[in-house]
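Here the structure comes first, spelled out in structure tokens, and everything after it is commentary.
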Amino acid sequence: MAKFISTKTYNQIGPVAYRQWRADSHCNLVHGYALSFHFEFECDTLDARNWCMDFGGLRPLKDKLEEWFDHTLLVAQDDPHRDALINLGKLGIAKITEVEKTGCEGLADFLYEYINTIFFPMYGTEEAKRIWCCRVEVRETDSNMAMRVGHRSDNEFDDFVN
């Protein structure tokens, strides 16, 4: 069976700040990056335009990335100082985005699930069944990156696309 893959990269969105409170290093302090994101979309059949992914249709995704990660402090839901960090937003001195997990791996997993269960279904049922985000890379620096990989055949989110 044919497999088509289209890619989209957004470089240096941010700055975004977060901490990995579980780290036994300086990474447990609030620090920041301009994150880069790389997405791979797969399908078995092309659309009527012979495209896997309509790149223009990704503008709402870029808007979400900027909303979540541009001039933002990410706060992990299980951070023991969560309330204090959230309070910075209530005081109006930080824009807060609460996430399940901070770090590239956690953000890649969050975006992978968001695209496949929320973003694509907004396109409509047929497109949500045709296209799959099979890889999300989140890059902090040129040398630090993590990814989340999966395929439609993994049947991870069947309830969302059927």
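The values are calculated or read from the model by the stated rules, or taken from the named source; none is laboratory data. Bear in mind that the values here come from a model prediction, so they are computed numbers and not experimental data. For neighbour counting, all protein chains shown are included, and Cβ atoms are generated from backbone atoms with ideal geometry for every residue, glycine included. SASA here: full protein model, heavy atoms, side chains in, ligands and nucleic acids out. Shrake-Rupley method; radii C 1.70, N 1.55, O 1.52, S 1.80 Å.
Structure notes:
- Screening the range 58-98 for residues that are hydrophobic (A, V, I, L, M, F, W, C) and part of a loop (DSSP other than H, G, I, E, B) and picking the one that is farthest from the chain's Cα centre (by Cα) gives 91.
- Here residue 48 clears all of (1) at pLDDT below 95; (2) out of contact with any Phe, Trp or Tyr (no Cβ under 8 Å at 6 or more places or on another chain); (3) open to solvent by less than 60 Å² (accessible area, probe 1.4 Å) except the condition numbered (3).
- Within the range 5-17, the set of residues being under 21 Å from residue 59 (Cβ atoms) and either without any contact (Cβ under 8 Å) to a residue 12 or more places away in the chain or open to solvent by 40 Å² or more (accessible area, probe 1.4 Å) (or both) comprises 5, 7, 8, 9, 11, 12.
- For residue 146, the requirement of being part of a strand (DSSP E or B) and more than 22 Å from residue 48 (Cβ to Cβ) is met.
- Residue in the range 5-17 that is farthest from the chain's Cα centre (by Cα), counting only those that are modelled with pLDDT of 95 or more and among the β-branched types (Val, Ile, Thr): 5
- For the range 105-117, the set of residues classified as touching a residue at least 40 places away in the same chain (Cβ under 8 Å), crowded, with 19+ Cβ neighbours inside 10 Å and under 17 Å from residue 35 (Cβ atoms) consists of 107, 108, 111, 115, listed by residue number.
- Count - residues of the range 118-141 that are open to solvent by less than 10 Å² (accessible area, probe 1.4 Å) and in contact with a strand residue (DSSP E or B) (Cβ under 7 Å, 6 or more places away or on another chain): 7
- Candidate set from the range 18-41 (those that are part of a strand (DSSP E or B) and surrounded by fewer than 18 Cβ atoms within 10 Å (Cβ to Cβ)); member that is modelled with the highest pLDDT: 38
- Evaluation of residue 2 against (1) at pLDDT 95 or above; (2) open to solvent by 30 Å² or more (accessible area, probe 1.4 Å) (one fails), failing number: (1)
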